[in-house]
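Engineer: Dropping a structure here in structure tokens format, bear with me for questions.
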Amino acid sequence: MYNPSKALAEFFMIQLNVLDNQMCVFFEDSSSRTFPFTNTGSEGNKLGVGDTMVIAQLLFEVWEYNKTTGVWSNPSNLLNSVDYALGYCNVEIANNQVVKKLTLSEGVQSFNKDENQVDNTIDLETSIVIPPLLPFVVELQTPLPLPTSGPTIENYITCQIIGVGGIIAPRTTF
């Protein structure tokens, strides 16, 4: 059973600077990015040899970055707005769509497996396995443009895939 206290999370952040940015593709070029924009490492959108991850939840948030002060602030869940809850996401592994048009409203509290959970994560009814060395992406489609960046504030949208990971082919003997 999935235990959130032992969760592994991979995240990817995209700057919102285009007025009509309604489609976002996460993890696509993550090998060329560094923290705080991703935590995937040099392998990018592929897990290393012998590594695997089971996705149990998805989370989308919008963050603000103040260019003057250098401070990150105001993380807001995309589902705090009813308009964005009408959007959907897709998950692809090795160019195969494994989650198709999953509505973001699945993250609303009444749809969560744990009705006391109020963080608006999307709990997947079926866990998705990302095997080693296969590229993965998450696509987000919203019905309205996302908040754009201004002269002093840059807006970023993040996607977190949350689950458990493991080593399925250890490189050493026991």
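The values are calculated or read from the model by the stated rules, or taken from the named source; none is laboratory data. Values in this document were obtained by computation on a predicted structure and should not be read as measured data. Cβ atoms come from the backbone with ideal geometry, glycine included; neighbour counts cover every protein chain shown.
Engineer: Answer yes or no: is there a residue in the stretch 76-85 that is closer than 26 Å to residue 36 by Cβ, surrounded by fewer than 19 Cβ atoms within 10 Å (Cβ to Cβ), at pLDDT below 85 and in contact with a strand residue (DSSP E or B) (Cβ under 7 Å, 6 or more places away or on another chain).
Structural biologist: yes
Engineer: Only one of these is modelled with pLDDT of 85 or more, within 17 Å of the chain's Cα centre (by Cα) and small (Gly, Ala, Ser): 56, 7. Name it.
Structural biologist: Criteria check complete, one pass: 56.
Engineer: Anything in the stretch 135-164 that is among the hydrophobic types (A, V, I, L, M, F, W, C), assigned to a loop (DSSP other than H, G, I, E, B) and within 18 Å of the chain's Cα centre (by Cα)? List them, or say none.
Structural biologist: 146
Engineer: Now for a separate question. Only one of these conditions is not met by residue 62: (1) part of a loop (DSSP other than H, G, I, E, B); (2) in contact with a helix residue (DSSP H, G or I) (Cβ under 7 Å, 6 or more places away or on another chain). Which number is it?
Structural biologist: (1)
Engineer: Can you tell me which residue within the stretch 59-97, out of those that are small (Gly, Ala, Ser) and closer than 17 Å to residue 15 by Cβ, is farthest from the chain's Cα centre (by Cα)? Quick ask: steps written out before the conclusion?
Structural biologist: Residues of the stretch 59-97 small (Gly, Ala, Ser): 70, 73, 76, 81, 85, 87, 94.
Filter again for closer than 17 Å to residue 15 by Cβ, leaving 70, 73, 76.
Values: 70: 23, 73: 18, 76: 14 Å.
Going through the qualifying residues, I end up with 70.
Engineer: Taking residue 97 as the residue in question, decide whether it is surrounded by fewer than 17 Cβ atoms within 10 Å (Cβ to Cβ), modelled with pLDDT of 90 or more and within 26 Å of residue 45 (Cα to Cα).
Structural biologist: Yes.
Engineer: Ok, one more. Restricting the search to the stretch 25-60, which residues are surrounded by fewer than 21 Cβ atoms within 10 Å (Cβ to Cβ) and more than 19 Å from residue 131 (Cβ to Cβ)?
Structural biologist: Those that are surrounded by fewer than 21 Cβ atoms within 10 Å (Cβ to Cβ) and more than 19 Å from residue 131 (Cβ to Cβ): 25, 29, 32, 33, 34, 35, 36, 37, 39, 59.
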